[in-house]
1. Scan the stretch 292-312 and give yes if some residue there is on the phi > 0 side of the Ramachandran plot and of a type in the set (D, E, K, R), otherwise no.
2. In this structure, does Ser400 turn out to be of a type outside the set (D, E, K, R), modelled with pLDDT of 75 or more and open to solvent by less than 60 Å² (accessible area, probe 1.4 Å)?
3. Taking the condition of being more than 18 Å from Leu59 (Cβ to Cβ) and modelled with pLDDT under 75, how many residues in the stretch 81-114 meet it?
4. Take the residues in the stretch 284-329 that are of a type in the set (Gly, Ala, Ser) and in contact (Cβ under 8 Å) with a residue 40 or more places away in the chain, then tell me which one is nearest to Ile370 (Cα to Cα).
5. Go through the stretch 412-426 and report how many residues are modelled with pLDDT under 95, within 32 Å of the chain's Cα centre (by Cα) and open to solvent by 10 Å² or more (accessible area, probe 1.4 Å).
6. Does the stretch 55-64 hold any residues that are open to solvent by less than 10 Å² (accessible area, probe 1.4 Å) and over 16 Å from Arg39 (Cα atoms), and which are they?
Amino acid sequence: MLTTLPEATLLGESYGTMARSAFPELKELCLDDLDSFERWEAIEGNHRGYIIFPRLEKLEIHSCSVLTAFPEAQPGGDCGMARSAFPELKILSLKDLENFESSDAVDGSQREDTMFSQLQELYIEGCGKMKISSGQQKVSPKLAVLHTEGSKEEMFLLVARHMTSLTNLKLQSSGETETTLSAADHSLKLVVDVMVKWNHNDFPLKDMELRGFKSGGGAELCAHFVQLQNLDFTRCDALVHWPEKEFQSLVSLRRLIISYCEKLIGYAPQAPAAEPSTTPEPSSELLPRLESLWIYGCPSMVEVFKHPASLREMAIHDCTKLMSIYSRRLQQERSASSILQGLSPVYSEVSSSSANARTEHFLFPCLEEIIIRRCGSLTGVLYHPPSLVRLYINDCKTLSSLPNGPQAYSSLQRLFITKCPSLKRLPTCLQQRLSSLEWKRLDARFQADGIPPFDEEIGNEEYDEEIGNEEVDDDVVEIEPGVAQ
């Protein structure tokens, strides 16, 4: 039963007055599942000196229930400021430390401007009593990866202090109350006030994940990071309508994941126009570089937002009220311009003899993959672009029609359609392509020569393998410290 680390020995004067270390050459330290570990040395912070890990670069402390703090910091640094016990630390992971009260390794007026001068990655989970930093103190001027949970107030302040260095950010909101929401709004205002004083290109954040946001703030925060490439909303009840205003600024976004946002409906209601227009109003394209869209477990969602032309892959799972995988706005626009008529192919036939003219008007010219699973209100898919290479549809009980356009399946190579009892037959154009596909799995009634009979257990395994089993886990997705990009 480990309660302390071994007794430390004095180091040379180059490490400061009375600096002590039991592991002066150690670069990585993991303390895991040590319920009795409570002190960094049998005797700490007295006349015998101060604990230091002079070369430690990676520190993981997990499930040490009685540990309350880091080693006491060493006084006597530059300008009289205290020195951190971890001067070379680059990666810090703290998890399930129920009594860990503060990450401040420096006390009171002796505190430096930063806690860890070299820290690049910080991971915090299940440390409910901990305050990450105090006042205007930074965790580190080099902090690039921050994955933390807690009150939005503190998390927003952390972001404000590190927005010019962060490249990867994950925030898990917890313990929201009326009081904390008011404080969070104030913190968000501080973040915005700081950001407007900078050029938005000075914020290098590329990856952002927001979890458990029950009230606003998440979409407003991400809108200011114009270099953002990957964005993930998980269990965010605050997301009710598509944040069009915030999406306008995300001109670099490549991948968007929305999972288990149970209150998400779709577009916000619009005031009715005095007279309906027969011509679609021009509008700027949202997310003009978006390539990947994944939506999971949004049972209230009735419509997706209008896809940009750049989209390459789209996956929609467990959206039980969704009736179309394309936005109603898009369909209204196409109807108004006489492009979309019932189940007709969605392109503009400028000239029946001009293939080039028709190709120019194809929607979603880059879309290569569509995955639809357990969408119980989906009755039909109106359109497939000629670029489509992979089509997977599973367990959509009401799906009764697929497009039958002359080029809808011209590039298709991989096909999976199972457990769709309302789909009585495949479109003629698709039937003609079956023999030339690289891979296919179909319900028995669609079988033809050379198609293996569908077995549900095997088929579901093949489905997961085929799409890379990328479905979002219901639990928190963990990223191993030191591997985040």
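1. no
2. For Ser400, the condition - of a type outside the set (D, E, K, R), modelled with pLDDT of 75 or more and open to solvent by less than 60 Å² (accessible area, probe 1.4 Å) - is not met.
3. Residues in the stretch 81-114 being more than 18 Å from Leu59 (Cβ to Cβ) and modelled with pLDDT under 75: 9 in total.
4. The residue in question is Ala315.
5. 1
6. Hit for the stretch 55-64 is Leu56, nothing else.
The values are calculated or read from the model by the stated rules, or taken from the named source; none is laboratory data. Note that the structure is a prediction, hence the values are computed from the model and not measured. Backbone-built Cβ (ideal geometry, glycine too); neighbour counts: all protein chains shown. For accessibility, only protein heavy atoms count, side chains too; no ligands or nucleic acids. Shrake-Rupley method; radii C 1.70, N 1.55, O 1.52, S 1.80 Å.
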